[in-house]
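What follows is one structure encoded as structure tokens, with my remarks underneath.
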Amino acid sequence: MYTLEEIRLIVLNTLLETGVNRLPVDIGYWYKRKGWRCYTYSHAKRNGISVDHAQRCVTVKSEEGLTVYYDDTVRPVGRIRWTLAYEGARIVLGPDSTNREADYFAEQFLMPVAPLVFLGVKTADDIMLTCQVTRDVAYRRAEDLIYRETYGDSAGYEELDWAVLRQFGMQK
């Protein structure tokens, strides 16, 4: 089991190691850099691969590596992005990771705090547009940013936060 701070640091390292450098985070690029293949359920069906449609996403391990299949009928697109980030979190954090840990990873990965603060993105609507996420998760991040601003937490960046800002081309 991970602490939230450990997950935050894993996310920052993941952003740095995979070269992600802009918002919205390019999940396809992340998967490609990790060597994971990603296909839709429609693709799986066309190729005779059976997937459980009761799940939004399925990861299959084979000799070729990991392949993630996702339900491409889900809308809005922000929901698909969240599902893929969540599934990536389960891969990165391991099979014993909890739903809460994977959700927190997805939140930190799709909506990294330091770049949002640097850009002055504060409202749920702005977060939703900037990060291409659903309104419910954008609202949670907006509440978090308000809390950080109110209590001065946003100034407490560590070296990894600054490294992510540099990678995103956001220098003070």
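Bear in mind that the values in this text are calculations on the coordinates, not laboratory data. This is a predicted model, so every value here is computed, not measured. In this analysis, Cβ positions are derived from the backbone assuming ideal geometry, glycine residues included, and neighbour counts consider all displayed protein chains.
Annotations for the structure displayed:
- Residue match in segment 112-130 (condition: over 25 Å from GLN171 (Cα atoms), of a type in the set (Val, Ile, Thr) and in contact (Cβ under 8 Å) with a residue 60 or more places away in the chain): no
- When ARG140, ARG100, ARG90 are checked against the criterion of being among the basic types (Lys, Arg) and crowded, with 19+ Cβ neighbours inside 10 Å, a single residue qualifies: ARG90.
- Within segment 15-51, if we keep just the residues that are closer than 15 Å to PRO115 by Cα and surrounded by 14 or more Cβ atoms within 10 Å (Cβ to Cβ), the residue that is nearest to the chain's Cα centre (by Cα) turns out to be VAL25.
- Residue in segment 75-88 that is among the acidic types (Asp, Glu) and part of a helix (DSSP H, G or I) present: yes
- Residue check for THR130: surrounded by 13 or more Cβ atoms within 10 Å (Cβ to Cβ) and of a type in the set (Ser, Thr, Tyr): yes
- Flag if LYS45 is free of Cβ contacts under 8 Å to residues at least 40 places away in the same chain, assigned to a loop (DSSP other than H, G, I, E, B) and either of a type outside the set (Asp, Glu) or within 21 Å of LEU16 (Cβ to Cβ) (or both): no
- Test: residue in segment 78-100 that is free of Cβ contacts under 8 Å to residues at least 12 places away in the same chain and either over 26 Å from LEU66 (Cβ atoms) or aromatic (Phe, Trp, Tyr) (or both): no
- Taking the criterion of being assigned to a helix (DSSP H, G or I) and β-branched (Val, Ile, Thr), the residues of segment 1-31 that qualify are ILE7, ILE10, VAL11, THR14, THR18, ILE27.
Okay, residues lined up against (1) of a type outside the set (Val, Ile, Thr); (2) closer than 19 Å to TYR31 by Cα:
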position: ALA44; (1), (2): yes, yes
position: ILE49; (1), (2): no, no
position: GLU63; (1), (2): yes, yes
position: THR67; (1), (2): no, yes
